[in-house]
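Colleague: Below you'll find the structure I mean.
The values are calculated or read from the model by the stated rules, or taken from the named source; none is laboratory data. As the structure is a computational prediction, the values presented were derived from the model and not from experiment. Here the Cβ positions follow ideal geometry from the backbone for every residue, glycine too, while neighbour counts run over all protein chains shown.
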Ligand code: FPP
Ligand code: MG
């Protein structure tokens, strides 16, 4: 089983320097805002996006290193790469704060969500504040090529979120709708994370595009695995299981089962789904439907197809510890239970 620590290893000093870079850039006026910001920054997740940006930068760029006096290890990335990683990571952080408000979620990564701790209206302002600070830091850096990518990524995330809620209200998500939603809400930003890594080290247009495709492919796989884990009652995500059903979200494991059912049976499944926000028996019933129809196994086949595409794109690069770590990231996405 591949651990995230193994993937982080070739860029460990950079990841430490990156955390300091973020802490130095993100501070707020006012005690309450600062407390909320500190909470949001200290509750960040595995850091898949900054890892992706820094590994892509290290793989595509020169291997010049700097000794890090503080931790005694070698750093490979420049401040421009840290800025690229920060822009992406902070947009992601803000989007999850807003997402928990929209979903009415009380927990994120096993801890109270910002809205549970400080109420939804304040959480929205914190998300807005993080977005505003992120864009203002980007503009102040005058690295407009990086900023323009993240500006359009923000718009795509919003499109994905609106599309998702439209379908959740209509109970009519098809396979194609699902792929469109997860491309916009997750894959697009992972694509930008990888592309900006390449762009930050002056890679060619072709390489930037290739890394974007790589990030998008692992992003699709990442979200499919997230949706599979939502049906796994033994998962370690720190999020309550079956939340997608309670939020009326039709995701790939359920789509796989519905596509194999008759129209009549599909209508019964939708009728149960309509009750999932208020009726735990309906949630249990649909969990059973997905288990018996092997929805997670079928969804996992699609996830592996995206990961094969991603690995195929990496095969174009010469062997290096960074390419190996990106290969391991693909395996980690498939194996993860949190
Ligand atoms: C998590 O999905 C949510 C996202 C990946 C995107 C959320 C985007 C917005 C709320 C639009 C606002 C955008 C910006 C830039 C502020 P999920 O609910 O399926 O996953 P979860 O189970 O982790 O909550
Ligand atoms: Mg959510």
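Colleague: Taking the stretch 303-320, which residues are surrounded by 15 or more Cβ atoms within 10 Å (Cβ to Cβ) and over 18 Å from the mean Cα position of the chain (by Cα)?
Modeller: The answer is 309, 311, 313, 314, 317.
Colleague: So which residues in the stretch 242-269 are surrounded by 17 or more Cβ atoms within 10 Å (Cβ to Cβ), more than 15 Å from ligand 2 (Cβ to nearest atom) and free of Cβ contacts under 8 Å to residues at least 60 places away in the same chain, if there are any at all?
Modeller: 253, 254, 256, 257, 258, 269
Colleague: Could you list all residues from the stretch 232-241 that are within 18 Å of residue 276 (Cβ to Cβ) and either away from ligand 2 (no atom under 16 Å from the Cβ) or at pLDDT 95 or above (or both)?
Modeller: 232, 233
Colleague: Quick one: which helices (runs of 4 or more DSSP H) lie wholly within the stretch 215-280 and hold at least 1 residues that are away from ligand 1 (no atom under 16 Å from the Cβ) and more than 29 Å from residue 312 (Cα to Cα)?
Modeller: 252-259, 263-275
Colleague: Further question on the same structure: Any residue at all in the stretch 310-324 that's under 25 Å from residue 162 (Cβ atoms) and part of a helix (DSSP H, G or I)?
Modeller: So far as the stretch 310-324 goes, no, none of its residues is under 25 Å from residue 162 (Cβ atoms) and part of a helix (DSSP H, G or I).
Colleague: If you take the residues in the stretch 191-231 that are without any contact (Cβ under 8 Å) to a residue 24 or more places away in the chain and more than 16 Å from ligand 2 (Cβ to nearest atom), which one is nearest to the chain's Cα centre (by Cα)?
Modeller: For the stretch 191-231, the residue satisfying everything is 212.
Colleague: Given the criterion on the phi > 0 side of the Ramachandran plot and either within 16 Å of ligand 2 (Cβ to nearest atom) or surrounded by fewer than 16 Cβ atoms within 10 Å (Cβ to Cβ) (or both), identify the matching residue among 142, 105, 94.
Modeller: 142
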